[in-house]
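Colleague: One structure follows; several queries about it will come next.
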Amino acid sequence: MVAEWREFLEPSGPGRMRISRHGRMLADAILVADEQHMAEHSDDRSPSQLVNTACLPGIVGEAWAMADWHFGYGFPIGGVVATDVDAGEQGGAISPGGVGFDINCGVRLCATELTLDDVNPKALATILSRSVPAGASRKGGFGLSASEIDSVLSDGAGAAVDLGLGESRDLTAIESNGKLDSSDRNVGERALKRGSTALGTLGSGNHFLELQVVDRVVDERAASAFGLRKGQVTAMIHTGSRGLGHQVCTEHVASIEAKYRKNGDWWHSTEWDITLADRQLAAAPIHSREGSAYLDAMQAAGNYAFANRSALTQRLREVLREQHGRDGGLDLVYDVSHNIAKIEQHRVHGSSCTCCVHRKGATRALGGDHPELADAFSGVGQPVLVPGDMGTASWVLSGPESGGNDAFSSSCHGAGRRLSRTAARKNVDSRALVEGLESRGIHVRAKTPNVLSEEAPEAYKDVDEVIRLTGEAGLARPVARLRPIAVIKG
């Protein structure tokens with residue numbers, strides 16, 4: 001059976017395919033793709049999910065799927081949807097499914113003064129695997145007292161600095177300076193317990209710490225502003241809010257979903273008069289009690305993630321100091337969120353709008369004149385960090401030199417999955433994978449062998465293709481390509 005949305009699909013300029021509004025959609029939907037990219041996707045579920053998000057009350061502009069789109073919880077991963085916070089009596093919708101369970105999962109990139117000749121990637125991989133706690137457990141994390149975890153939930157990366165788990169010079173190179181506003185910090189006792197010993201841990205799944213070398217620079221001016229040069233060793237950290245964020249999402253999903261009842265093929269909340277195609281999209285008006293509570297708790301969990309990446313950076317600095325007598329001149333290039341909802345100002349079809357922008361597996365790509373950015377990025381644009389797969393490459397992109405892009409200043413966040421985790425486990429032999437990567441100078445250390453099969457290069461889309469489409473769609477421009485040399489996985 002052909003999905004209905006295909007009848008409304010057509011090209012909409014370079015790198016863009018548009019699904020015109022139909023049925024209960026309140027806006028058009030745009031996939032960052034071309035006809036060839038679409039033809040390579042036989043699974044109709046992700047575009048169907050995108051169509052469903054276009055039914056959210058208060059939606060403005062279009063519903064977007066970045067070039068790394070794939071199937072997710074409620075929203076497609078790669079989904080960007082903005083709602084008007086002033087719509088209706090209680091504001092437009094906010095949906096935990098539009099953020100995901102790993103709140104403020106994100107990426108930070110660190111640059112060093114080292115070159116490949118200065119390091120032994122195999123030895124460093126072994127040392128880092130011993131020094132950086134990874135895996136599903138909280139083992140090896142920093143223990144936090146009740147007052148310390150409250151400080152982390154309130155002040156994010158700044159609290160990590162106060163605890164000696166971060167450096168103040170890093171704060172200007174973190175999205176929102178590493179702090180989201182959370183007044184109540186009511187994340188629940190179970191979430192607090194899960195977060196009290198997990199700070200400074202990587203986690204499992206697709207999370208990683210990766211040493212890389214800059215193998216190509218395509219925008220010299222932007223690369224210089226970002227502190228990147230060809231042949232330089234960099235470090236990328238990908239993780240989020242660990243069990244604390246997962247618990248926050250779980251509890252608020254349950255609270256909001258409880259307001260919905262099945263009504264034919266749809267789900268309806270009589271309290272808010274909201275009808276949705278998928279219960280996993282369960283949403284509350286942003287100014288309702290439930291909506292406000294979720295937003296505040298989500299931002300507290302987001303602060304935990306900022307502090308977590310800061311603490312992991314300090315662990316990396318300590319290893320480099322032990323091995324090289326210094327930290328290798330390690331500086332933070334940038335730290336971006338890619339699972340978050342943020343209140344932002346945007347112009348939508350010529351009018352100013354205060355929006356709640358959901359980014360589920362999508363990264364901000366601010367223009368070089370945005371007031372949030374540090375002076376170093378003025379006239380250049382925000383660094384956009386796009387991890388690929390552990391056998392190919394990652395990319396650094398840049399937002400526009402000025403202004404925003406059409407997708408609420410958003411870009412892709414990674415390569416995007418091509419195979420499900422189950423399919424990857426069936427098709428990839430972990431031992432052969434490691435041997436193949438080692439033969440190419442990529443040294444991988446993982447706590448759980450199954451994770452390697454799930455994260456194999458063949459499980460992901462071609463990251464270079466994702467970058468091409470992102471550039472053609474006018475969302476961000478490529479700056480530098482980073483090749484992996486050592487990978488630490490859960």
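The values are calculated or read from the model by the stated rules, or taken from the named source; none is laboratory data. All figures in this text were calculated on a predicted structure; none of them were measured in a lab. Note: ideal-geometry Cβ built from the backbone for every residue, glycine included; neighbour counts use all protein chains shown.
Colleague: Six or more apart or on different chains, Cβ under 6 Å: which pairs go from a residue in the stretch 186-204 that's on the phi < 0 side of the Ramachandran plot to one that's assigned to a helix (DSSP H, G or I) and among the hydroxyl-bearing types (Ser, Thr, Tyr)? Could you list them?
Modeller: Qualifying pairs under 6 Å: Gly195/Tyr304.
Colleague: Okay, next question. So in the stretch 381-398, with the set limited to residues that are part of a loop (DSSP other than H, G, I, E, B), of a type outside the set (D, E, K, R) and touching a strand residue (DSSP E or B) at 6+ places or on another chain (Cβ under 6 Å), which one is modelled with the lowest pLDDT?
Modeller: Residue satisfying both the conditions and the ranking: Met390.
Colleague: A further question follows. Can you pull out the residues in the stretch 401-416 that are surrounded by fewer than 23 Cβ atoms within 10 Å (Cβ to Cβ) and touching a residue at least 60 places away in the same chain (Cβ under 8 Å)?
Modeller: Scanning the stretch 401-416 gives Asn405, Asp406.
Colleague: Given the conditions (1) in a helix (DSSP H, G or I); (2) within 20 Å of Val213 (Cα to Cα); (3) at pLDDT 95 or above, report the number of the one that Gln323 does not fulfil.
Modeller: So the condition that Gln323 fails would be (3).
Colleague: For His413, only one of the following conditions fails: (1) touching a helix residue (DSSP H, G or I) at 6+ places or on another chain (Cβ under 8 Å); (2) of a type outside the set (A, V, I, L, M); (3) closer than 14 Å to Val466 by Cβ. What is its number?
Modeller: With respect to (1) touching a helix residue (DSSP H, G or I) at 6+ places or on another chain (Cβ under 8 Å); (2) of a type outside the set (A, V, I, L, M); (3) closer than 14 Å to Val466 by Cβ, His413 is out only on (1).
Colleague: Next question. Determine which member of the set Arg359, Arg347 is basic (Lys, Arg) and either surrounded by fewer than 18 Cβ atoms within 10 Å (Cβ to Cβ) or not in a strand (DSSP E or B) (or both).
Modeller: Arg347
Colleague: Name the one entry in His37, His70 that is under 17 Å from the mean Cα position of the chain (by Cα) and in contact (Cβ under 8 Å) with a residue 12 or more places away in the chain.
Modeller: Only one candidate passes the filter, namely His70.
Colleague: Going through the stretch 318-373 one residue at a time, which ones are hydrophobic (A, V, I, L, M, F, W, C) and within 24 Å of Ser168 (Cβ to Cβ)?
Modeller: Val319, Leu320, Leu330, Leu332, Val333, Val336, Ile340, Leu366, Leu373
Colleague: Sticking with this structure for a sec: Any residue in the stretch 79-97 that is touching a helix residue (DSSP H, G or I) at 6+ places or on another chain (Cβ under 7 Å), closer than 25 Å to Lys489 by Cβ and either at pLDDT 95 or above or β-branched (Val, Ile, Thr) (or both)?
Modeller: There is no residue in the stretch 79-97 that is touching a helix residue (DSSP H, G or I) at 6+ places or on another chain (Cβ under 7 Å), closer than 25 Å to Lys489 by Cβ and either at pLDDT 95 or above or β-branched (Val, Ile, Thr) (or both).
Colleague: Checking Gly92 against (1) surrounded by 24 or more Cβ atoms within 10 Å (Cβ to Cβ); (2) under 29 Å from Asn308 (Cα atoms); (3) not aromatic (Phe, Trp, Tyr): exactly one of these is not met. Which one?
Modeller: Only one criterion is unmet by Gly92, namely (2).
Colleague: In a helix (DSSP H, G or I), more than 30 Å from Glu220 (Cα to Cα) and touching a residue at least 60 places away in the same chain (Cβ under 8 Å) - does that describe any residue in the stretch 440-454?
Modeller: yes
Colleague: Would you confirm, using the coordinates I've provided, whether Glu148 is more than 25 Å from Glu290 (Cα to Cα), touching a residue at least 40 places away in the same chain (Cβ under 8 Å) and of a type in the set (Asp, Glu)?
Modeller: no
Colleague: Within the set of pairs 6 or more residues apart or between chains, which connect a residue that is in contact (Cβ under 8 Å) with a residue 60 or more places away in the chain inside the stretch 1-28 to a residue that is of a type outside the set (A, V, I, L, M, F, W, C) and outside any loop (DSSP other than H, G, I, E, B) with Cβ atoms less than 7 Å apart?
Modeller: Between residues of the stretch 1-28 that are in contact (Cβ under 8 Å) with a residue 60 or more places away in the chain and residues that are of a type outside the set (A, V, I, L, M, F, W, C) and outside any loop (DSSP other than H, G, I, E, B), the close pairs are Pro14/Glu472; Gly15/Glu472.
Colleague: Can you tell me which residues in the stretch 22-43 are in contact with a helix residue (DSSP H, G or I) (Cβ under 8 Å, 6 or more places away or on another chain) and surrounded by fewer than 16 Cβ atoms within 10 Å (Cβ to Cβ)?
Modeller: The answer is His22, Gly23.
Colleague: Looking at Ala82, Ala87, Ala134, can you tell me which residue is farther than 27 Å from Lys447 by Cα, crowded, with 23+ Cβ neighbours inside 10 Å and among the small types (Gly, Ala, Ser)?
Modeller: Within the list Ala82, Ala87, Ala134, the selection yields Ala82.
Colleague: Using the structure shown, decide if Glu435 is crowded, with 23+ Cβ neighbours inside 10 Å, out of contact with any Pro (no Cβ under 6 Å at 6 or more places or on another chain) and either over 28 Å from Glu220 (Cβ atoms) or not acidic (Asp, Glu) (or both).
Modeller: no
Colleague: With the checklist (1) under 20 Å from Ile149 (Cβ atoms); (2) surrounded by fewer than 24 Cβ atoms within 10 Å (Cβ to Cβ); (3) within 19 Å of the chain's Cα centre (by Cα) in hand, flag the one item Ala293 doesn't pass.
Modeller: With respect to (1) under 20 Å from Ile149 (Cβ atoms); (2) surrounded by fewer than 24 Cβ atoms within 10 Å (Cβ to Cβ); (3) within 19 Å of the chain's Cα centre (by Cα), Ala293 is out only on (3).
Colleague: Right, another one. Picking from Leu433, Leu452, Leu437, Leu475, which residue would you name as being of a type outside the set (S, T, N, Q) and under 21 Å from Gly106 (Cβ atoms)?
Modeller: That would be Leu475, the only listed residue that is of a type outside the set (S, T, N, Q) and under 21 Å from Gly106 (Cβ atoms).
Colleague: Given the criterion under 25 Å from Gly361 (Cα atoms), of a type outside the set (Gly, Ala, Ser) and modelled with pLDDT under 95, identify the matching residue among Asn206, Asn177.
Modeller: Asn206
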